[in-house]
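Q: First the structure, then my questions, so here it is.
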Amino acid sequence: MEQQQLNTLQRAQKRKQQRERQVILLTQISILVGGIGLWELAARLAWIDPLLFSMPSKIALLFWEKWNDGSLWIHMSVTLYETIAGFLLGTLFGVMIATMLWWSPFLSRVLDPYLVIFNAMPKVALGPMIIVAFGPTQTSIIAMGILICVIITTLVVYAGFKEVDVNKLKVIQTFGGNKLQLYTQVVLPATVPIIISALKVNVGLAWVGVIVGEFLVSKEGLGYLIIYGFQVFQFTLVMLSMIIIAIFATIMYQLIYILEKYVVKNNK
Amino acid sequence: MMSFVTIENISHVYIKQATTLLALEEINLAIQQGEFISFLGPSGCGKSTLLSIISGLLKPTFGSVKLEGERVVKPSKHIGHMFQQDFLLPWKTIEENSWLGHKIMGTLDASIKEEVHQLLAAMGLGDVYKKYPHELSGGMRQRVALVRTIAVKPKLVLLDEAFSALDVVTKLQLENMTQHILEKHQMTSILVTHDFQEAIAMSDRVVLLHHNPGRIRKIFEVPIELRRLDPVDARNHYMFTELSQEIWEALNRDGTATA
Ligand SMILES: Nc1ncnc2c1ncn2[C@@H]1O[C@H](COP(=O)(O)OP(=O)(O)OP(=O)(O)O)[C@@H](O)[C@H]1O
Ligand SMILES: [Mg+2]
C-alpha cells in the first residue's frame, strides 16, 4: 500500500476514536447536568424532602457564602492536609513494614496471622482509643488515616514482593549481589506498579479515616462540618461537604493515575 | 596438575511434595583453564540444572563443584551465568541492563560504560542503548543478556543456549565474536546447546549427556585443527564433517537426537 493510503487510514482511525471519546464525554456531562437539574426540580416540587436532601441552588449559595467569609477554605485545607498526610504516610509505613517482612522470613511467618486478623478488624472502631492516646488533635486524625490504610498496604505490597520473578533475583545473585541489592535493583522496582495501585486504594481509605477522625475530634475540617450540619439539622452543609470531598478525592485519584501512566510505562 | 573446574560426583534430585525426580546422576568432569566445553543432550536431561549447580545457584544433592580448588557454595562474580531466558530487567534500559553486573559489583565507571557500548555495538545493538527490553526482539534480548554476562569478564562463563533464538547468519557471526572475546580474556566456558554443529565448531570438547537420569554418555575431543579455526571456518573443514557424523550417530543410537 502507498504511504498516502496508510496515512489516510490512520487519520480515519484517529477521527473515529476521537468521535467516540466525544460522545462518551458528552453523555457523561449530560448525566451530570441532568442529575443536578432533576435534583433541583424534585426538591422544589417537593417530590423529595428538601429539608433532608437540600437542593443544588441552596448548596451553591452556601458555598458562595462560606467561601467569601473564608471559613470553608480553612476546613477544606485542614482536611486535605490530613488526608494527604494520612495516605502518604500510611502507604510509606505499609511499604516499610512489607520490606521488613520480606527481609526476615521468620518475622513474616510469625506476624502473618496477626496481620490478617488486624486487617479484618474495623479499624475506625479504634478511633476513640487513638483520640485518648494522642488527644483530640490533628495528629490523632492523621493517625486514623494511616491506621486505616497501613495494614492492607502491607499485605498487598508484601504479596507483590513475594511474587517477584525469582529468576531476576538469580541474575543479581550471579553477580554476587547482596540482599540490599536484590531489594533495590529488583524487588522494589518490580513492585512499583503494585505500590501505585495501593496508593489508588489508599486515597479512598484515607478519606474515610480522616473524616471519621474529624467526627470524633470535632474541631475543624469537612468531617466536622458534616457532623455539625447533622447536629443543627442543616443538611445543605452536609451535602456541600460531601460534594467537596468527592471532588477532592477525584482530583487526587486522577493525579495518581497520571503518576501511574508515567512510572509504569516500562515496567512490564 | 589441578584442574580449573572440577565437577565431582554430582547427583541431583528434585523433591516435590508428591514426586522425586533424579535429574542428574554421578556427573564427573575436569575442565582446564581456557577450555571451551559444550554440553549436548536432549531436552530435559538436566543441562540447565547442571549449570545452576556449577554457578552455585543450586545446591546439588550429592557431590561438589570446585573452581580453582575452592568449593563453589554460592554464586560469585567469578562465575558468569547466562540463563536460557534473558531475564532482562524491564525497568532498565538496554545499556543499564548490560552493565548491571558492574553496577552490582561497584565497578561501574565511564570507561566500563564505553566498553559496554562497544560490546553492544559489536553485537549489532549499536542503536538501541536507550531502549527498553520490551521494545526489542527475542534474539536481540538474548544478545543483551550475553553482553551482560561477559561484560564483567568472569573467569568461568556458563552459557545456556546462548545462540538459540537467532537466525543462522547472526548466529554464526555471534559465535565468532563470542569466541574471540572469550579467548581474548582467557575465559573458561561451558555452553549448553541443542545444536551439535555449534558444539563442534566452538568447543574443545563436546560432552554428550544421557536422558533420564542425566548422565555423561560420551565425551568427544574436537581435533586441534578445528579448534584453531573460527566457528564459521571450522564448519567447512573435512574433519568437522567426520566428527559431526560421529556425534550424529551417537545421538541416533541413543534415540536422543535433538538437532
Ligand atoms: N525447579 C524444578 N523442580 C522440579 N523439577 C525440575 C526443576 N527444574 C527442572 N526440573 C526437571 O529436571 C529435569 C531437568 O531439567 P533441566 O531444565 O535441567 O533440563 P534441560 O536439559 O536444561 O532441558 P532443556 O534443553 O529443555 O532446557 C527435567 O525433567 C525438569 O522437568
Ligand atoms: Mg535448559
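Q: Roughly what would the spin-label model give for residue B:9 and residue A:10, points 7 Å off Cα along C-beta, in nm?
A: 6.7 nm
Q: Just the projected area, averaged over all directions, of the convex hull on the alpha carbon atoms of segment A:3-48: how many nm²? Intermediate results must be reported in sequence, preceding the final value.
A: Numbers: hull surface 12.2 nm².
Directional mean of the projected Cα hull area for segment A:3-48 stands at 3.1 nm².
Q: Looking only at Cα atoms, what is the convex hull volume of segment B:1-82 per residue, in Å³?
A: 104 Å³
Q: Carbon-plus-sulfur fraction of the accessible area of chain A, 1.4 Å probe, in percent?
A: For chain A, the apolar C and S fraction of the accessible surface comes to 70 percent.
Q: Quick one: if you take sqrt(5λ) for each eigenvalue of the C-alpha gyration tensor of segment A:1-127, what semi-axes come out, biggest first, whole angstrom?
A: Working from the Cα gyration tensor, I get semi-axes of 42, 37, 17 Å.
Q: According to the Cα gyration tensor, what semi-axes, each the square root of 5 times an eigenvalue, does the equivalent ellipsoid of the protein assembly as shown have, listed from largest to smallest in whole Å?
A: On the way: eigenvalues 822, 166, 75 Å².
Working from the Cα gyration tensor, I get semi-axes of 64, 29, 19 Å.
Q: Please report, largest first and rounded to whole Å, the three semi-axes of the ellipsoid equivalent to segment B:45-153, where each semi-axis is the square root of five times an eigenvalue of the C-alpha gyration tensor.
A: 28, 16, 10
Q: Would you mind calculating the relative contact order of segment A:56-264 from Cα pairs under 8 angstrom and at least 6 residues apart, reporting the percent as a whole number?
A: Once divided by the residue count of segment A:56-264, the mean separation gives 29 percent.
Q: Sticking with this structure for a sec: From the convex hull of the Cα coordinates of segment A:56-264, what is the mean projected area in square nanometres?
A: 13.7 nm²
Q: So, one more: Given a Förster distance of 51 angstrom, what is the FRET efficiency for residue B:253 paired with residue A:121, based on the Cβ-Cβ distance and rounded to 0.05?
A: 0.15
Q: Then there's this: If you take the Cα Rg of segment A:58-178 and divide it by 2.2 N^0.38 Å, with N the number of residues, what do you get? Before the final figure, lay out the partial values.
A: Values: Rg = 20.5 Å, N = 121, 2.2 N^0.38 = 13.6 Å.
Normalised by 2.2 N^0.38 Å, the Cα Rg of segment A:58-178 equals 1.51.
Q: Return one whole number: the accessible area per residue of the protein assembly as shown in Å², for a 1.4 Å probe.
A: 51 Å²
Q: Given the DSSP H assignment, sum -39500 (n - 2.57) over each helix run of at least 4 residues in chain B and divide by its residue total; what's the result at 222 nm in deg cm²/dmol, nearest 500?
A: Here the helix-only value at 222 nm equals -10500 deg cm²/dmol.
Q: Over segment A:183-268, what is the relative contact order in whole percent, taking alpha-carbon pairs under 8 Å and six or more residues apart? Could you put the intermediate results ahead of the total?
A: On the way: 52 pairs, mean separation 26.9, N = 86.
Here the relative contact order equals 31 percent.
Q: How large is Rg over Rh for segment B:147-259, taking Rg from the Cα atoms and Rh as the Kirkwood inverse mean of 1/r across Cα pairs?
A: Dividing the radius of gyration by the Kirkwood radius yields 0.95.
Q: Here is a further query. Pairs of Cα atoms under 8 Å, at least six residues apart: use those to get the relative contact order of chain B, whole percent.
A: 24 percent.
Q: Looking only at Cα atoms, what is the convex hull volume of chain B per residue, in Å³?
A: Spelled out: Cα convex hull of chain B, divided by residues, is 136 Å³.
The values are calculated or read from the model by the stated rules, or taken from the named source; none is laboratory data. What you see is a predicted model, and the numbers here were worked out from it, not measured in a lab. In this analysis, Cβ positions are derived from the backbone assuming ideal geometry, glycine residues included, and neighbour counts consider all displayed protein chains. SASA here: full protein model, heavy atoms, side chains in, ligands and nucleic acids out. Shrake-Rupley method; radii C 1.70, N 1.55, O 1.52, S 1.80 Å.
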